[in-house]
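Here's the structure we're looking at; comments come further down.
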Amino acid sequence: EVQLLESGGGLIQPGGSLRLSCAASGFTFNNYAMNWVRQAPGKGLEWLSGISDYGGSKYYADSVRGRFTISRDNSKNTLYLQMNSLRADDTAVYYCAKDTINGDYGVRYFDSWGQGTLVTVSS
Amino acid sequence: QSALTQPASVSGSPGQSITISCTGTRNDVGTYNYVSWYQQLPGKAPKLIIFDVSNRPSGVSHRFSGSKSGHTASLTISGLQAEDEADYYCSSYTSRSTAVFGTGTKVTVL
């Protein structure tokens, strides 16, 4: 059974930094691209970033490019999201999601999701 | 990349069929058949219910079906049941190799 467990969320002041982690199990981690998706309170889903199976290709939404960095450690079966220059509108539940392809040519579908970690940006 | 456009809400009575539209552009839905749909029950993570416009993952009810015409994809729920009450999101691959979600549709079973 695929399991994805996000961690690292919490309360952070505007302008601060935070690193989210997503521990994966139940599948061959280095065979699939991985993604981060967020959902602001009461709002819709927003795809943020994706990374190919071995990390050679990375993709970002315009809203976070230059502020957020996606990475992965296949030896630890873990996905990361480094978030810098955080703003109030970054407040959301952040989900990691497994892709259905290896990601060499972009991201595709999200067939497994974690339960999410809440990031609150506030002074 | 702007979000795909979905109706904010759709409702129907048990047993009826409803359809949710998802309108994009030539940079996403209009060019690629990599359209997917997700069901999000209250307080839960989203679940993939349709991929490649019209394919269902194993275990997803046959009551869910998808289609596409031009720049608009659609999700139809047949034989509506109380358990279908949820938020539904479409998503598409884009010309920048990224993904974009729709604005989301709340389905209410009357």
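When you scan the stretch B:87-106, do you find a residue that is over 22 Å from residue A:59 (Cβ atoms), among the hydrophobic types (A, V, I, L, M, F, W, C) and modelled with pLDDT of 95 or more, even just one? The answer is no, given that none of the residues of the stretch B:87-106 is over 22 Å from residue A:59 (Cβ atoms), among the hydrophobic types (A, V, I, L, M, F, W, C) and modelled with pLDDT of 95 or more.
Which of the residues that make up the stretch B:34-54 are more than 12 Å from the chain's Cα centre (by Cα) and surrounded by fewer than 17 Cβ atoms within 10 Å (Cβ to Cβ)? Once the filter is applied, which keeps residues that are more than 12 Å from the chain's Cα centre (by Cα) and surrounded by fewer than 17 Cβ atoms within 10 Å (Cβ to Cβ), the stretch B:34-54 yields B:41, B:42, B:43, B:44. Please determine whether any residue of the stretch B:59-71 is buried (at least 22 other Cβ atoms within 10 Å of the Cβ) and within 11 Å of the chain's Cα centre (by Cα). Yes, because at least one residue in the stretch B:59-71 is buried (at least 22 other Cβ atoms within 10 Å of the Cβ) and within 11 Å of the chain's Cα centre (by Cα).
Exactly one residue out of A:42, A:15 is loosely packed, with under 14 Cβ neighbours inside 10 Å, assigned to a loop (DSSP other than H, G, I, E, B) and free of Cβ contacts under 8 Å to residues at least 12 places away in the same chain, and it is A:42.
Listed by position, the strands (runs of 3 or more DSSP E) enclosed by the stretch A:51-123 that each have at least 1 residues that are over 21 Å from residue B:37 (Cβ atoms) are A:58-60, A:68-73, A:78-83, A:92-99, A:117-121. Taken across the stretch A:20-28, residues that are free of Cβ contacts under 8 Å to residues at least 24 places away in the same chain and touching a strand residue (DSSP E or B) at 6+ places or on another chain (Cβ under 9 Å) do not occur at all.
Screening the stretch B:27-110 for strands (runs of 3 or more DSSP E) wholly inside it with 1 or more residues that are within 13 Å of another protein chain (Cβ to nearest Cβ) returns the ranges B:35-40, B:47-50, B:64-69, B:86-93, B:99-101, B:105-109. Candidates in the stretch B:9-33 are the residues that are of a type outside the set (Val, Ile, Thr) and under 12 Å from the mean Cα position of the chain (by Cα); of these, the one that is surrounded by the fewest Cβ atoms within 10 Å (Cβ to Cβ) is B:21. Within the stretch A:49-82, being at the interface with chain B (Cβ under 10 Å from one of its Cβ atoms) and hydrophobic (A, V, I, L, M, F, W, C) holds for one residue alone: A:61.
The values are calculated or read from the model by the stated rules, or taken from the named source; none is laboratory data. Computed from a predicted model, the values in this text were never measured in an experiment. For neighbour counting, all protein chains shown are included, and Cβ atoms are generated from backbone atoms with ideal geometry for every residue, glycine included.
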